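Structure first, then comments.
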Amino acid sequence: MTDAIDAVETPTPRRNPKPEKTSIGGRELKPSTLMMGHGYDPTLSEGSLKPPIFLTSTFAFPSAADGKRHFEGITGQRPGGAEGLVYSRFNAPNQEILEDRLAIWDGAEDALSFSSGMTAICILMLAYVSHGDVIVHSGPLYAASEGFVSKVLSKFGVTYIDFPAGASSEEIDDVLKRAKKQAGENGGKVALIYLESPGNPTNALVDIEAVREARDANLKWDCPIAIDNTFLGPLWQRPLDHGADIVAYSLTKYVGGHSDLVAGSIAGAKKWMDPVRALRNTMGGIVDPNTAWMLLRSLETVELRMQRAGENAEKVCAFLKDHPKVEGLGYLGLIKDARQQDIYDRHCLGAGSTFSVFLKGGEAECFRFLDNLVIAKLAVSLGGTETLASHPASMTHLSVPHARRQQLGITDSLVRISIGIEDPDDLIADFEQALEHV
Ligand SMILES: Cc1ncc(COP(=O)(O)O)c(C=O)c1O
């Protein structure tokens, strides 16, 4: 008998997954440890140490009755939701493992992955708002997030009120009262509080705890607080610990970390994820299996990469802060404002590696600086292994009206820099020679 016939007559018995261990002797394992294997059992994939990429659009049911049970779960006819996998627009193995691991970093019950940060943010907003509703948001937001609220959701009768990132508790309270009044007049409710902290590109921090207090005092219905944590997450800020309900990410940035993919996610309690999951099931927008696999690889080193980038940024900023051609820095390690420092001390675990540098002069000086950089690449985006520099006023935030740009501090003299994991002294040498051309 050949091995092949043997294998047919005595098939390998199905091996059950090993129960997952997330603690040893009462010690909770850290996210960096869990990133190597959490949510994946090699015995289910021929012993493959790493998860294979599951390129399939659909999943075979063991029986017709199982198929019925799956769909009863998905359509809400049976409590408990989906059991197992059905169709890859809903979910698939690589994405499930990714979502399990993403949830760990933020201490969340559940997470959802998307094809981009903006897909995550748009589907999140769409899931929570209806005609007449008001969104309260901090400013500045990433321009596309701000545009989605003001230009797209407005077409469906959703209005917004925004407040500056550094607003005091009283100001936030006042904004919520005005939003409640506006919603009442429009026949809706305050449906979502959406924050971005630190704001892009100024690095202004939002007091999440104050927003939570104002929400609890003013709104007696379920109005989630969502926050874009792209600039500091998942290492340097854990917003769910400070009162946020939903944390959103462009995974394209630090989590992906190599500037070679586009993806997004949200995380939070299951009750907040479920409406978004239902809309994602309908619309699609889940990350693809290949990108999910790349993100699993990225997550294994996210802590190392972010630590190194953070250390590099500290050294580069120490050099830039006293340079005669530098007017100022928007770096969380060198905050000048007492209120911002207080928020930083309560919310942040590190200053990050993305900051703004204000050069003496305007667009012409910034362009000379950017055009003369050798190591740092002139590109939008952030959080990659390589250092990037850009000019938000003429690039990412060009679509923001000029007056609003000024109000938000996005001036022509602002250059945004995302520090990578190169040698820090090489980076300083590069900035030094580029500044000579300013
Ligand atoms: C703070 C922030 N949020 C969201 C996004 C959108 O993410 P993505 O480009 O992955 O759609 C970006 C992109 O630059 C961003 O900087």
- [ ] Please go through segment 387-438 and pick out each residue that is open to solvent by 40 Å² or more (accessible area, probe 1.4 Å) and closer than 20 Å to GLY117 by Cα.
- [x] MET395, LEU398, SER399
Open item on the list: Just to be sure before I move on: is LEU279 away from the ligand (no atom under 16 Å from the Cβ), open to solvent by less than 50 Å² (accessible area, probe 1.4 Å) and over 14 Å from the mean Cα position of the chain (by Cα) in the structure I sent?
Closed with: yes
Open item on the list: Among the residues in segment 173-192, are any modelled with pLDDT of 95 or more and under 22 Å from the mean Cα position of the chain (by Cα)?
Closed with: yes
TODO: Scan segment 181-198 for residues that are surrounded by 19 or more Cβ atoms within 10 Å (Cβ to Cβ) and out of contact with any Leu (no Cβ under 7 Å at 6 or more places or on another chain) and report the count.
DONE: 7
Task: Leading residue by the ranking (farthest from the ligand (Cβ to nearest atom)) among those in segment 193-240 that are modelled with pLDDT under 95 and among the charged types (D, E, K, R) - done: LYS220
Task: Test set (1) open to solvent by less than 10 Å² (accessible area, probe 1.4 Å); (2) part of a helix (DSSP H, G or I); (3) touching a helix residue (DSSP H, G or I) at 6+ places or on another chain (Cβ under 7 Å) - VAL357 fails condition number - done: (2)
- [ ] Looking for whichever is of a type in the set (Asp, Glu) and crowded, with 24+ Cβ neighbours inside 10 Å here; the options are ASP260, ASP274, ASP228. Which one fits?
- [x] ASP228
Open item on the list: Checking the structure you have, find out if any residue of segment 342-354 is open to solvent by 40 Å² or more (accessible area, probe 1.4 Å), modelled with pLDDT under 95 and on the phi < 0 side of the Ramachandran plot.
Closed with: no
Task: Single match in VAL149, VAL136 (criterion: assigned to a helix (DSSP H, G or I), free of Cβ contacts under 8 Å to residues at least 60 places away in the same chain and either buried (at least 22 other Cβ atoms within 10 Å of the Cβ) or away from the ligand (no atom under 11 Å from the Cβ) (or both)) - done: VAL149
Task: Flag for GLU72 being free of Cβ contacts under 8 Å to residues at least 24 places away in the same chain, assigned to a loop (DSSP other than H, G, I, E, B) and closer than 22 Å to ALA278 by Cβ - done: no
TODO: Working carefully through the options LEU304, LEU299, find the one that is closer than 11 Å to GLY256 by Cβ and either aromatic (Phe, Trp, Tyr) or part of a helix (DSSP H, G or I) (or both).
DONE: LEU299
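The values are calculated or read from the model by the stated rules, or taken from the named source; none is laboratory data. Computed from a predicted structure; not experimentally measured. A quick note on method: Cβ atoms are made from the backbone with ideal geometry, for glycine too, and the neighbour counts reach across all protein chains shown. Please note that ligands, DNA and RNA were not included when accessible areas were found on the heavy atoms of the full protein model with its side chains. Shrake-Rupley method; radii C 1.70, N 1.55, O 1.52, S 1.80 Å.
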